[in-house]
Amino acid sequence: MRSDEEQKVAEISQSNVQHYTYRIFSPLGAYPAQSLSSPLGQLIVEKNFIALAFKDNRQAYDLKFMLAMLLSVNDDKGFLKLYPFPYKHFYDSASYQISAQKLHQDIKQKLSDQYRQSGETIPEFDLYQNAKGASLPIILGGTLYSTFEGLIDTYQFNLLSDILYQKKDGHFNLLCKSMLMSNQNSCHFQFSQQAVLFLLDALILLEDFMGSAKIDSSRLQTLLAQLGDNKSDALIAKYQLAESMTPLDYHKAFDALCHVLTRYLLKSAG
């Protein structure tokens, strides 16, 4: 049996443990060349893998972190395509930050041990074996990432991260997810229609989120007019637009949506 003093030390040690969740990104995306950190989490950029680590799995901090990145792109430095795998992994650390080395060790150990989460029959990292070839990072037997120097305006990213950290709104989380799913689907030429559908969902959610505030973009106003005034009209129009919208028009509409949301968030916080 442990002595009272040993028990107390163990309890103190346990209370200092930080519980992290992390998600790995696919090389099918395009990323910043540098790691990023904010109250929402950490983007760890390495040659072998890119991952996003965050602490509160219930507050959608991963979605908000990625949205802050999308809204902080330096357009003259390249483009950002975020392609996170859907799987979440858990890691306990005594540190308030996760190092790339520690995350690398966790991934390699779970791979070698055929690690299974409690109650699961399939090893955690076997989930990736359905994603073949270039879609996997080097650490999982895949290929290199596309990265761009100076891609993120770090001042704006930090500003928006602080704003999004305070948001605890399920409706807003859906807006985040729609924008991110649109961005991710746009990585595939064959999923261009899905990218448009998620973009239009995000636009509808944005109009709701902004309430009485005006969406100050003629391009987005035109799309909203095409969607009509009722759900049936919107459903039909969405699929028609998904078939007819060109890649260039999609890019311009997505860019306009990002700028409108950025202005609204900065104004409402100020």
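The values are calculated or read from the model by the stated rules, or taken from the named source; none is laboratory data. In this text, all values refer to a predicted model and were calculated from it rather than measured experimentally. Methodologically, a virtual Cβ is constructed for each residue, glycine included, from the backbone with ideal geometry; neighbour enumeration extends over all protein chains shown. Accessible surface is based on the protein model in full, side chains and every heavy atom, while ligands, DNA and RNA are left aside. Shrake-Rupley method; radii C 1.70, N 1.55, O 1.52, S 1.80 Å.
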From DSSP H assignment alone, runs of 4+ in the chain each adding -39500 (n - 2.57), the sum over residues rounded to the nearest 500 puts [θ] at 222 nm at -15500 deg cm²/dmol
Averaged per residue, the 1.4 Å probe accessible area of the chain, protein heavy atoms only, in Å², is roughly 54 Å²
Whole-Hz Karplus couplings 3J(HN,Hα) for region 184-201, θ = phi - 60° and coefficients 6.51, -1.76, 1.60, Gly and Pro as x, run 5, 5, 5, 5, 10, 4, 6, 10, 5, 5, 4, 4, 5, 4, 5, 4, 5, 4
Pairs over 21 Å Cα to Cα, from K64/K231; K77/K102; K55/K88, come to K64/K231; K77/K102
A 1.4 Å probe over the protein heavy atoms gives the chain a carbon and sulfur accessible-area percentage of 51 percent
With DSSP loop assignment and no more than 11 other C-beta atoms within 10 Å, the GluC sites (Glu not before Pro) in region 93-172 are E120, E149
Expected vector for region 46-53, Karplus 3J(HN,Hα) from phi with 6.51, -1.76, 1.60 and θ = phi - 60°, integer Hz, x for Gly and Pro, equals 10, 4, 7, 6, 10, 9, 10, 10
